[in-house]
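The values are calculated or read from the model by the stated rules, or taken from the named source; none is laboratory data. Source: prediction; values computed, not measured. Counting neighbours? That spans all protein chains shown, and the Cβs are built from the backbone with ideal geometry, glycine included. With ligands, DNA and RNA removed, areas are computed over all heavy atoms of the protein, side chains included. Shrake-Rupley method; radii C 1.70, N 1.55, O 1.52, S 1.80 Å.
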Amino acid sequence: MRSSFTKKSDADIAAMIPAGELTAKALSKVREAIRPGVTTLELDAIAEDTIRSGGGVPNFQLVPGYKHTICASINDEIVHGIPSEKVLQAGDIVSIDCGAMVNGWNGDRAITVILPGGSDTQSRQRLSDVTYGSLWEGIAALYFGKRLNHVGVAIEDFVQKNSDFGILEQYVGHGIGRSMHEDPPVYNFGVRERLPKIVPGLVVAIEPMLTSGSNETFVDKDDWTVRTSDGGDGAHWEHSIAVHSKGLWVLTAEDGGESELAKFGIKAIPPKS
Ligand code: MG
Ligand code: MG
């Protein structure tokens with residue numbers, strides 16, 4: 001990936017709102033349905049129905065070789081898990097990644113859910129909470145930082161201060177717009193390379209992926225699912241965020257990021273065309 005990127009106008013960013021909102025809606029429907037006893041294929045169908053009935057296209061289906069609307073990654077699976085007939089169990093930690101394309105613009109978001117019951121839920125909840133917290137630290141760095149380097153540093157600092165969890169390095173965030181995956185890459189850790197300046201027109205998906213143990217991973221024999229090498233748990237949270245001429249807007253958050261950004265003293269400002 002190159003580190004340059006195509007800037008979006010305020011009108012482009014305003015046009016991305018429906019895709020972000022539909023992505024949020026699909027994940028909220030999945031969140032309502034997820035429980036022990038359900039299969040990830042059933043969740044996939046819920047997400048697809050929500051996106052299609054909302055006038056969108058499941059953009060994961062546009063990724064060559066991928067047939068589904070969501071990725072569902074359970075326990076030692078961190079990302080890119082394929083929906084299946086496997087039944088979810090009490091205590092499972094499940095990350096759901098989903099995206100919608102509307103009018104040619106894309107949204108991309110991921111959530112992690114710990115199913116009630118089971119013995120491991122406290123440590124799993126903590127893994128998810130630290131991942132979630134690091135996502136918002138990264139989003140806030142789009143406001144306080146000068147370069148995209150600051151996003152990675154903010155995420156890494158937060159994870160290190162609050163845990164000894166691993167941060168995946170082979171998989172990172174990305175620009176988003178007409179394509180789901182665009183330049184620039186958005187690292188979840190500090191890098192030496194000078195990354196692009198944070199300027200109006202930058203629209204990115206920030207997506208920290210954390211592990212309870214070592215950050216070493218391997219790709220399953222299905223050629224998609226990324227698993228921890230040590231069998232530890234994985235968590236994944238993601239939002240698509242726009243930097244526009246008036247401020248920041250979290251496109252895939254129901255409230256544009258207002259409630260979480262307020263904790264950093266940042267006011268979420270909707271883009272206007
Ligand atoms: Mg995603
Ligand atoms: Mg993404």
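Would you confirm, using the coordinates I've provided, whether THR112 is under 21 Å from ILE93 (Cα atoms), within 16 Å of ligand 2 (Cβ to nearest atom) and part of a helix (DSSP H, G or I)?
Details: under 21 Å from ILE93 (Cα atoms): yes; within 16 Å of ligand 2 (Cβ to nearest atom): yes; part of a helix (DSSP H, G or I): no.
No: the conditions fail for THR112.
With LEU142, LEU115 as the choices, which residue is more than 15 Å from ligand 1 (Cβ to nearest atom), of a type in the set (A, V, I, L, M, F, W, C) and under 24 Å from ARG194 (Cβ atoms)? Spell out the reasoning first.
Working: LEU115 fails: under 24 Å from ARG194 (Cβ atoms).
Of the residues listed, the single one that is more than 15 Å from ligand 1 (Cβ to nearest atom), of a type in the set (A, V, I, L, M, F, W, C) and under 24 Å from ARG194 (Cβ atoms) is LEU142.
For every residue, the table says whether it meets (1) within 16 Å of ligand 1 (Cβ to nearest atom); (2) touching a residue at least 12 places away in the same chain (Cβ under 8 Å); (3) closer than 19 Å to ILE82 by Cα.
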position: ASP157; (1), (2), (3): no, yes, no
position: MET180; (1), (2), (3): yes, yes, yes
position: ASN188; (1), (2), (3): yes, yes, no
position: VAL203; (1), (2), (3): yes, yes, no
position: GLU207; (1), (2), (3): yes, yes, yes
position: THR225; (1), (2), (3): yes, yes, yes
position: THR228; (1), (2), (3): no, yes, yes
position: ILE241; (1), (2), (3): yes, yes, no
position: ALA253; (1), (2), (3): yes, yes, no
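I'd like the residue in the range 224-273 that is at pLDDT below 95 and not hydroxyl-bearing (Ser, Thr, Tyr) and, out of all such residues, is least open to solvent (accessible area, probe 1.4 Å). Break it down stepwise before answering.
If we filter the range 224-273 for residues that are at pLDDT below 95, which is where we start, we get 271-273.
Keeping just the survivors that are not hydroxyl-bearing (Ser, Thr, Tyr) gives 271-272.
Details: PRO271: 11, LYS272: 153 Å².
This residue is PRO271.
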Can you pull out every residue in the range 110-123 that is open to solvent by 30 Å² or more (accessible area, probe 1.4 Å) and either modelled with pLDDT of 95 or more or not acidic (Asp, Glu) (or both)? PRO116, GLY117, GLY118, SER119, THR121, GLN122, SER123
Can you list residue pairs whose Cβ atoms sit under 6 Å apart, with the first residue in the range 107-119 being more than 14 Å from ASN75 (Cα to Cα) and the second being more than 16 Å from ligand 2 (Cβ to nearest atom)? Count only pairs 6 or more apart in sequence or on different chains. GLY117/ALA90; GLY117/GLY91
Which of the residues spanning the range 25-56 are open to solvent by less than 50 Å² (accessible area, probe 1.4 Å) and among the aliphatic types (A, V, I, L, M)? ALA26, LEU27, VAL30, ALA33, ILE34, VAL38, LEU43, ALA45, ALA47, ILE51
Filter the range 164-176 down to residues that are open to solvent by less than 60 Å² (accessible area, probe 1.4 Å) and more than 15 Å from the chain's Cα centre (by Cα), then give me how many there are. 2
